1. Listed residues R209, R248; which is over 19 Å from I153 (Cβ atoms), of a type in the set (D, E, K, R) and touching a residue at least 40 places away in the same chain (Cβ under 8 Å)?
2. From (1) of a type outside the set (S, T, N, Q); (2) at pLDDT below 90; (3) open to solvent by 90 Å² or more (accessible area, probe 1.4 Å), pick out the condition that doesn't hold for E270.
3. Looking at V301, is it touching a Leu at 6+ places or on another chain (Cβ under 8 Å), modelled with pLDDT under 80 and closer than 23 Å to M152 by Cβ?
4. Condition check: modelled with pLDDT under 90 and part of a helix (DSSP H, G or I). Does G239 satisfy that?
5. Name, by its number, the condition in (1) open to solvent by less than 70 Å² (accessible area, probe 1.4 Å); (2) part of a helix (DSSP H, G or I); (3) free of Cβ contacts under 8 Å to residues at least 60 places away in the same chain; (4) in contact with a helix residue (DSSP H, G or I) (Cβ under 8 Å, 6 or more places away or on another chain) that does not hold for S218.
6. Among the numbered criteria (1) open to solvent by 40 Å² or more (accessible area, probe 1.4 Å); (2) in contact with a Gly (Cβ under 9 Å, 6 or more places away or on another chain); (3) small (G, A, S), which single criterion is violated by A223?
7. Note down all Cβ pairs under 9 Å where the first residue falls in the stretch 254-278 and is over 20 Å from L165 (Cβ atoms), the second is open to solvent by 90 Å² or more (accessible area, probe 1.4 Å) and β-branched (V, I, T), and they're at least six residues apart or on different chains.
Amino acid sequence: MSPMPKTTPPKAQPQAQPKRRGRPCKPRPIAASPHVDAFLDMLTAERGAALNTRMAYERDLADLALWLAQRGQPLEKAVTEDLRAYLAFQYVEGGQKPAPRTLARRLSAMRQFYRFLVSEGRRADDPASALDSPKQGRPLPKILTVEEVTRMIDSAQTRGGPEGLRLVALLEVLYATGLRVSELVGLPMAAILRDGRGLIVRGKGGKERMVPLSEPGSAALAAYLPWRSHFILAGRENGPIAFLFPSRSSTNGHLTRQRFAQLLKELAIESNIDPEKVSPHVLRHAFATHLLDRGADLRSVQKMLGHADIATTQIYTHVVSERLKQVVHEHHPLARRKTVRTQ
């Protein structure tokens with residue numbers, strides 16, 4: 001019997017690494033500066049900055065810290081030329097020019113951070129004080145027509161059940177009050193006035209304001225409230241805050257901004273409206289514009305929107321003016337005569 005041939009075991013092949021999809025995440029070592037946390041805490045405690053503002057400033061300063069660290073410069077030691085070079089770098093990164101609002105926010109984060117360092121005695125000079133602000137355009141806000149808003153509410157009403165009742169309540173309250181989406185989804189039960197005809201809203205900077213509810217808004221809330229417990233996870237009935245719009249799946253205990261925006265997109269499709277036109281903020285714009293269209297005064301709209309400066313509210317007067325110009329151009333007899341003469 002012939003001996004079996006010797007075989008050598010096959011060499012172990014190196015395991016193929018899975019391919020990464022998409023753009024790799026850039027590390028953001030915010031811990032590179034021990035003073036950033038103190039600055040962010042100050043924004044929250046002393047200035048009442050919202051969580052979203054704090055997170056945005058944290059990302060902006062982390063990005064700046066990383067860019068400076070790659071050039072051997074600590075965040076606290078940066079000089080004006082470093083900051084100018086960083087802002088210029090924003091225009092070439094990825095071949096895309098950032099939005100003016102994004103640059104303005106990053107510049108605001110830098111200015112406030114270095115001003116904080118000076119006030120705390122960590123620096124003798126403010127390197128951001130000599131930086132120029134980027135010019136921002138004044139784009140008119142997107143809005144929906146009254147007919148489009150009505151179609152969305154009608155579509156929500158056809159859903160029925162707890163989900164449909166909640167969605168109708170969200171829409172009616174948002175369109176009746178013009179709340180910011182974070183204010184809407186985070187409303188506590190205690191926000192409802194005793195007569196059910198208004199809400200006490202805590203807005204930016206912890207400032208409270210009272211906003212009236214329309215009859216459809218009050219009715220939609222009254223229809224939804226008996227079903228509110230459907231959205232509360234077992235064991236959370238006695239949570240620290242009883243939210244008006246709770247959610248079983250949210251770690252915050254209430255419906256998230258992202259989920260509400262997703263529900264609006266789905267509703268827009270059902271209502272034969274371009275979903276790109278629809279967002280919670282667009283409904284806020286619609287609320288303000290439709291009020292001004294029907295003769296509401298600017299100060300009242302400012303108070304209901306929670307704007308600290310009336311100049312912010314005045315953007316809606318530009319929307320009304322543009323619509324009036326279009327009406328005159330399309331329907332005024334002299335405008336039509338002029339069009340005929342030029343043909």
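The values are calculated or read from the model by the stated rules, or taken from the named source; none is laboratory data. No experiment lies behind these values; they were computed from the predicted model shown. Neighbour counts run over all protein chains shown; Cβ positions are idealised from the backbone, glycine included. What goes into the accessible areas is simple: the full protein's heavy atoms, side chains included, and nothing from ligands, DNA or RNA. Shrake-Rupley method; radii C 1.70, N 1.55, O 1.52, S 1.80 Å.
1. The unique qualifying residue is R209.
2. Every listed condition holds for E270 apart from (2).
3. no
4. When the stated conditions are applied, G239 does not pass them.
5. (4)
6. So A223 meets the others, but not (2).
7. P275/I269
Residues checked against (1) part of a helix (DSSP H, G or I); (2) aromatic (F, W, Y); (3) open to solvent by less than 20 Å² (accessible area, probe 1.4 Å); (4) modelled with pLDDT of 90 or more:
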{"position": "Y57", "(1), (2), (3), (4)": "yes, yes, no, yes"}
{"position": "A62", "(1), (2), (3), (4)": "yes, no, yes, yes"}
{"position": "W67", "(1), (2), (3), (4)": "yes, yes, no, yes"}
{"position": "E76", "(1), (2), (3), (4)": "yes, no, no, yes"}
{"position": "L103", "(1), (2), (3), (4)": "yes, no, yes, no"}
{"position": "D126", "(1), (2), (3), (4)": "no, no, no, yes"}
{"position": "P134", "(1), (2), (3), (4)": "no, no, no, no"}
{"position": "G137", "(1), (2), (3), (4)": "no, no, no, no"}
{"position": "P141", "(1), (2), (3), (4)": "no, no, no, no"}
